[in-house]
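The values are calculated or read from the model by the stated rules, or taken from the named source; none is laboratory data. Everything numeric here is computed off the predicted structure, so don't read it as measured data. Backbone-built Cβ (ideal geometry, glycine too); neighbour counts: all protein chains shown. Side chains are part of the model used for accessible areas, which takes the heavy atoms of the whole protein and leaves out ligands, DNA and RNA. Shrake-Rupley method; radii C 1.70, N 1.55, O 1.52, S 1.80 Å.
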Amino acid sequence: MTRTSVSYIVYLGSHQHGSDATPEDYELAKNSHYKFLESYVGSEGKARDAIIYSYTKSINGFAATLEEKGAEDIAKHPAVVSVFPETIYKLQTTRSWSFLDIGVPDNRRSIPTQANIGRNVIIATLDTGVWPESKSFRDEGMGPIPSKWRGFCDNSTKYGVACNNKLIGAQYFNQGFLASNPEEDDVNSARDTEGHGTHTLSTAAGAFVPGATSFGYANGTARGGAPGAHVAAYKVCWSRGCSGVDILAGFDAALHDNVDVISVSLSAGPAYSGGTSFLNNEIAIGSLHAAAMGITVVCSAGNDGPDTMTVGNVAPWVITVGASTIDRDFPSYLKLSNEKLIKGASQETTSLPQNQMYTLINGSDAAAPGVNTDLAASCNTSSLDPEKVKGKIVVCIDNFEMPRILMGMTVKDAGGAGMVLINNEYWGDFIVSDPHVLPATMIPYRDGATLYSYMNSTKNPLANISPKTTKIGVQAPAMAEFSSRGPSYPTPEILKPDVTAPGVDILAAFTEFISPTGIVEDERRTPFYLMSGTSMSCPHVSGLAGQLKSVHPDWSFSAIKSALMTTATIKDNRYMPMRDHSGSKATPLAYGNGHIRPNRAVYPGLVYDNTIEDYLSFLCTLGYNSTYLSGLINKPFVCPAEPMKLENFNYPSISVPALNKSTIVTRTLKNVGPPGIYMVRVKAPSGVAVSVRPPLLTFSKVGDKRTFTVALTSQIKNENERGFKFGRLVWSNGIHQVSSSIAANVVA
């Protein structure tokens with residue numbers, strides 16, 4: 001049945017009742033929403049039927065099922081900040097984790113002991129919920145629940161979640177999902193039936209768990225970024241995606257509950273990420289209210305790379321995280337009878353005997369009677385002839401039309417000994433280490449040509465697949481191919497992503513409700529699993545933000561963000577420039593300010609700090625007026641008489657989206673360390689002259705602020721040499737290095 005109306009969010013700013021509100025205040029707010037909508041739909045009964053959520057705690061507004069014309073009429077009301085149809089967000093997964101702390105550790109200051117990392121901090125996720133039985137959420141050694149905590153664990157349903165001193169919150173929000181999917185049932189639980197939420201929550205703040213492994217791979221002790229932190233899960237994602245209506249409800253609850261960090265491993269892609277529509281976006285709105293309360297929000301950059309202008313979640317008040325590799329790999333080699341080795345990837349759970357070779361056969365040459373050869377080429381279900389594949393290694397093409405695990409099941413069911421999976425041309429060299437049900441390996445597209453050439457050169461092509469291995473110490477980090485790239489589509493003056501973090505083959509806790517493959521026929525279960533995506537890199541940064549909040553409880557969210565960014569590195573563990581997925585040198589459009597370094601971030605020396613009023617001034621430049629913006633913080637605010645130049649927003653990185661001859665940008669640094677003199681060092685972008693004034697900054701005490709200017713002048717005369725150029729600006733006192741990426745798009 002075609003829906004004639006959709007779910008809209010009517011955003012009204014903030015409530016006047018503040019943080020000390022009573023249940024009566026919340027009820028009054030809800031009734032005011034009914035009364036407001038009644039004037040448009042004709043009766044209170046119709047208003048109550050239409051409203052899906054009434055956001056009554058920190059965020060003022062409601063979600064309702066409306067006709068487009070009705071939504072347009074409501075948008076004209078002077079009290080309304082924005083009215084927009086809900087966005088459907090996606091989990092950002094392609095499918096031992098460890099922080100990769102590159103460089104010489106800073107031993108000049110004490111770093112918190114691991115058991116205490118994140119102590120007294122509350123880290124929350126908006127995700128698919130939690131698997132509470134996971135060892136990552138045991139509360140041995142945890143301190144008492146912070147007195148400020150106002151949340152709870154919903155244990156009132158059939159599949160409820162019980163709290164302890166580690167897992168202190170678990171709630172679910174499904175009314176937006178049900179409004180679009182009324183036929184769904186059995187969704188009244190914060191319990192994780194997907195695995196994604198358990199993985200991200202344990203990555204951010206899971207307890208120490210010795211002996212963690214994913215089907216025998218990546219053996220070791222797992223821990224989250226802030227293992228001493230308390231955690232809370234707000235389930236906003238369901239089987240068909242994540243409703244923006246539910247996401248905003250999750251934000252409203254998390255802010256009310258007094259969390260310190262919110263981790264959001266979701267994205268709707270660049271088209272929904274901001275610009276003049278920052279207040280038409282659920283994550284941007286929720287995170288802006290969080291910023292006003294001093295709460296840090298960390299978001300996935302998205303998995304739409306490697307193309308440029310694909311980065312999502314680009315509001316300047318969130319930390320946007322790309323994904324990169326770690327120094328661990330799971331190589332699987334295809335050995336041909338001509339002694340050629342082709343490197344692939346796999347988490348195969350069984351291995352072939354290594355004392356013999358097996359005949360290779362193309363799936364297209366093994367089609368079952370009456371089956372299209374194209375279906376057999378990709379090893380679709382029941383497409384292979386058992387007589388042709390029995391005891392052989394079948395070569396299949398990944399056409400993204402069916403799960404890779406099912407392709408392996410097809411080969412196994414037909415009696416095949418193993419499978420070689422060739423990636424398609426679009427994804428090229430990006431390969432995934434899946435937990436196959438038979439000996440198997442996935443190889444890059446370009447190596448597929450090598451394999452086909454060999455198979456065509458002999459009447460009896462033979463091969464074997466190496467057994468499972470975990471290799472430590474590989475060159476890393478390098479940018480993941482899937483990680484979304486900048487520049488930011490709506491506001492290129494803000495360099496996004498902000499940082500990159502481990503996001504490829506990350507080991508973390510997993511639900512035991514389903515198999516990690518998500519396939520019903522797969523009966524395997526595992527308490528830990530390897531996953532990839534910016535969904536995995538995001539909680540690494542969330543955990544580190546929690547660590548900083550624990551060490552520096554008086555720091556603003558902007559100071560925490562700055563510390564994470566300015567201490568990041570652009571070198572790998574070989575002290576070489578970070579590489580892109582293709583092997584070429586990566587740029588700030590991929591990694592932002594660089595790859596996170598936990599130990600360095602704890603004591604950054606200087607920070608680029610901002611207040612909530614600074615972010616509102618940013619919105620003023622984008623066209624929002626003072627009346628609306630005052631409503632966001634529930635106190636008077638007046639836009640500057642002269643709108644700020646967006647390049648001058650006090651951001652820890654520098655982005656000039658259209659360098660026409662020359663420009664000057666301004667930044668201000670705040671001292672959060674001992675007194676000292678900082679000297680500037682610049683690696684100028686190619687063809688761009690850079691001058692910093694003054695070249696020295698002196699700080700006499702904590703809290704001192706110093707302003708400097710950066711002049712950029714194009715020296716490029718040839719039109720063909722124009723485009724994005726990249727550099728680095730570093731302030732150093734001999735101990736601390738406060739680094740900023742420079743991205744300048746030379747247009748003249």
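Below is a table of values for the structure above.
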read-out: Entirely in the range 1-80, the helices (runs of 4 or more DSSP H) that have 1 or more residues that are open to solvent by 60 Å² or more (accessible area, probe 1.4 Å), small (Gly, Ala, Ser) and under 25 Å from residue 634 (Cα atoms); value: 23-41
read-out: Among the residues listed as 536, 531, the single one being among the hydrophobic types (A, V, I, L, M, F, W, C) and within 10 Å of the chain's Cα centre (by Cα); value: 536
read-out: Test: residue in the range 650-667 that is part of a loop (DSSP other than H, G, I, E, B), within 32 Å of the chain's Cα centre (by Cα), within 30 Å of residue 15 (Cα to Cα) and modelled with pLDDT of 95 or more; value: yes
read-out: Options 103, 129; residue that is crowded, with 23+ Cβ neighbours inside 10 Å, under 25 Å from the mean Cα position of the chain (by Cα) and modelled with pLDDT under 95; value: 129
read-out: Candidate set from the range 1-13 (those that are over 18 Å from residue 246 (Cα atoms) and not aliphatic (A, V, I, L, M)); member that is modelled with the lowest pLDDT; value: 2
read-out: Matching residues, the range 337-394, being in a helix (DSSP H, G or I), more than 30 Å from residue 217 (Cα to Cα) and in contact with a strand residue (DSSP E or B) (Cβ under 7 Å, 6 or more places away or on another chain); value: 366, 373, 376, 388
read-out: Selection count, the range 614-638, where residues are part of a loop (DSSP other than H, G, I, E, B) and at negative phi; value: 7
read-out: Among (1) modelled with pLDDT under 85; (2) open to solvent by 20 Å² or more (accessible area, probe 1.4 Å) - the single one residue 97 does not satisfy; value: (2)
read-out: Lone qualifier among 546, 533, 592 - being on the phi > 0 side of the Ramachandran plot and touching an Asp or Glu at 6+ places or on another chain (Cβ under 9 Å); value: 592
read-out: Test set (1) part of a loop (DSSP other than H, G, I, E, B); (2) modelled with pLDDT of 95 or more - residue 601 fails condition number; value: (1)
read-out: For residue 238: the one exception among (1) more than 20 Å from the chain's Cα centre (by Cα); (2) at pLDDT below 95; (3) open to solvent by 10 Å² or more (accessible area, probe 1.4 Å); (4) not charged (D, E, K, R); value: (1)
read-out: Qualifying residue in the range 74-88 (condition: within 30 Å of residue 564 (Cα to Cα) and at pLDDT below 95); value: yes
read-out: Pairs, first open to solvent by 70 Å² or more (accessible area, probe 1.4 Å) in the range 383-403, second among the polar types (S, T, N, Q) and not in a helix (DSSP H, G or I), C-beta under 7 Å, six or more apart; value: 400/424; 401/378
read-out: Residue within the range 605-613 that is surrounded by 14 or more Cβ atoms within 10 Å (Cβ to Cβ), outside any helix (DSSP H, G or I) and touching a His at 6+ places or on another chain (Cβ under 6 Å) present; value: yes
read-out: Count of residues meeting criterion [within 25 Å of residue 122 (Cβ to Cβ), within 17 Å of the chain's Cα centre (by Cα) and of a type outside the set (Gly, Ala, Ser)] in the range 541-596; value: 6
read-out: Filter result for residue 184 (over 25 Å from residue 117 (Cα atoms), under 22 Å from the mean Cα position of the chain (by Cα) and either part of a loop (DSSP other than H, G, I, E, B) or at pLDDT below 95 (or both)); value: no
read-out: Failed item, numbered, when residue 250 is tested on (1) more than 30 Å from residue 140 (Cα to Cα); (2) within 20 Å of the chain's Cα centre (by Cα); value: (1)
read-out: Subset of the range 296-309 [of a type in the set (Val, Ile, Thr) and surrounded by fewer than 24 Cβ atoms within 10 Å (Cβ to Cβ)]; value: 308
read-out: Residue within the range 612-627 that is aromatic (Phe, Trp, Tyr), at pLDDT below 95 and over 32 Å from the mean Cα position of the chain (by Cα) present; value: no
read-out: Residues that are out of contact with any Gly (no Cβ under 6 Å at 6 or more places or on another chain), at pLDDT below 95 and in a loop (DSSP other than H, G, I, E, B), drawn from the range 254-272; value: 268
read-out: Subset of the range 668-683 [assigned to a strand (DSSP E or B) and closer than 21 Å to residue 610 by Cα]; value: 668, 669, 670, 671, 678
read-out: Of all residues in the range 155-173 being open to solvent by less than 30 Å² (accessible area, probe 1.4 Å) and modelled with pLDDT of 95 or more, the one that is farthest from residue 137 (Cα to Cα); value: 173
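Yes or no, residue by residue, for (1) out of contact with any Gly (no Cβ under 6 Å at 6 or more places or on another chain); (2) open to solvent by 20 Å² or more (accessible area, probe 1.4 Å); (3) in a loop (DSSP other than H, G, I, E, B):
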site: 421; (1), (2), (3): yes, no, no
site: 438; (1), (2), (3): no, no, yes
site: 447; (1), (2), (3): yes, yes, no
site: 451; (1), (2), (3): yes, no, no
